[in-house]
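The values are calculated or read from the model by the stated rules, or taken from the named source; none is laboratory data. All values reported here derive from a predicted model rather than from experimental measurement. Cβ sites come from the backbone with ideal geometry, for glycine too, and all protein chains shown count toward neighbours.
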Amino acid sequence: MKHLIVYAHPNPESLNHAILDTAVNTLKKNGHEVVVRDLYKLDFQPVLKPEDTEAMKAGKIPNDIKVEQEFISEADIITFIYPIWWTGLPAILKGYVDRVFAYEFAYASEEEGIVKLLKGKKGLIINTHGTPNEVYDSIGMTAGLKVTSDIGIFDFTGIETVDHLLFGSIGYLDKEAYKDMLRKVEDKIHYHFS
């Protein structure tokens with residue numbers, strides 16, 4: 001299978017980067033092809049500009065968007081790895097979705113409603129956040145995060161979410177807890193993509 005990992009964290013020493021390494025290594029051990037799009041390393045330009053919209057309407061997709069859309073088109077599985085900042089996606093990833101998951105590429109509309117153009121693909125989301133999981137669970141934030149990403153991005157475009165891992169209390173735990181998180185990432189990848 002062809003995996004596309006869209007990664008959004010600026011610090012190469014972060015837990016998110018360790019999660020990325022774990023995911024890539026586990027998938028490769030299982031014989032999968034993996035492409036990583038590190039949005040910070042790519043210096044991806046996240047702002048959807050009027051000229052982008054005009055170009056796409058004219059059928060002339062800007063090159064940086066076209067490149068990312070080709071990676072999505074070729075992928076069987078799309079994984080997003082990112083921290084939760086201010087209860088949402090980092091701006092660079094939000095901009096990636098705004099620009100790359102464009103109308104007539106990821107979705108379209110007809111009289112009957114929305115047409116999901118990325119059907120047949122599967123998706124996995126892995127998040128970290130500083131707030132304890134129990135707090136996010138109790139205030140409905142965990143459910144909200146899953147609705148906005150799993151349904152609002154993936155399902156809206158036809159991608160079937162196979163799992164969404166949320167790791168809380170980041171920055172407040174001991175080394176063993178972080179090792180357990182990486183083991184959970186490895187276990188979930190083995191489970192879904194053996």
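Things worth noting here:
- Exactly one residue out of I151, I170 is among the aliphatic types (A, V, I, L, M) and closer than 30 Å to F105 by Cα, and it is I151.
- Qualifying residue in the range 42-52 (condition: closer than 19 Å to R183 by Cα and free of Cβ contacts under 8 Å to residues at least 40 places away in the same chain): no
- Qualifying position, being buried (at least 19 other Cβ atoms within 10 Å of the Cβ) and over 26 Å from S169 (Cα atoms), among L39, L27, L20: L27
- Scanning the range 106-121 for residues that are surrounded by 11 or more Cβ atoms within 10 Å (Cβ to Cβ) and either touching a His at 6+ places or on another chain (Cβ under 8 Å) or over 25 Å from L20 (Cβ atoms) (or both) turns up Y107, A108, I114, V115, K116, L117.
- Residue list for the range 62-88, filter: within 18 Å of A108 (Cβ to Cβ), free of Cβ contacts under 8 Å to residues at least 24 places away in the same chain and not polar (S, T, N, Q): K66
- Evaluated against (1) outside any helix (DSSP H, G or I); (2) closer than 16 Å to K29 by Cβ, D163 falls short on exactly one condition, (2).
- Checked against (1) of a type outside the set (D, E, K, R); (2) within 16 Å of I78 (Cα to Cα); (3) in a loop (DSSP other than H, G, I, E, B); (4) without any contact (Cβ under 8 Å) to a residue 24 or more places away in the chain, I151 meets all criteria but (3).
- In a residue-by-residue description of the range 81-100, the property of being in contact with a Ser or Thr (Cβ under 9 Å, 6 or more places away or on another chain), modelled with pLDDT of 95 or more, over 30 Å from D180 (Cα atoms) and not acidic (D, E) applies to no position.
- The set of residues in the range 63-75 being surrounded by 17 or more Cβ atoms within 10 Å (Cβ to Cβ) and over 15 Å from the mean Cα position of the chain (by Cα) consists of I65 alone.
- Positions within the range 87-131 being out of contact with any helix residue (DSSP H, G or I) (no Cβ under 7 Å at 6 or more places or on another chain) and on the phi > 0 side of the Ramachandran plot, in sequence order: E104, G113, G120
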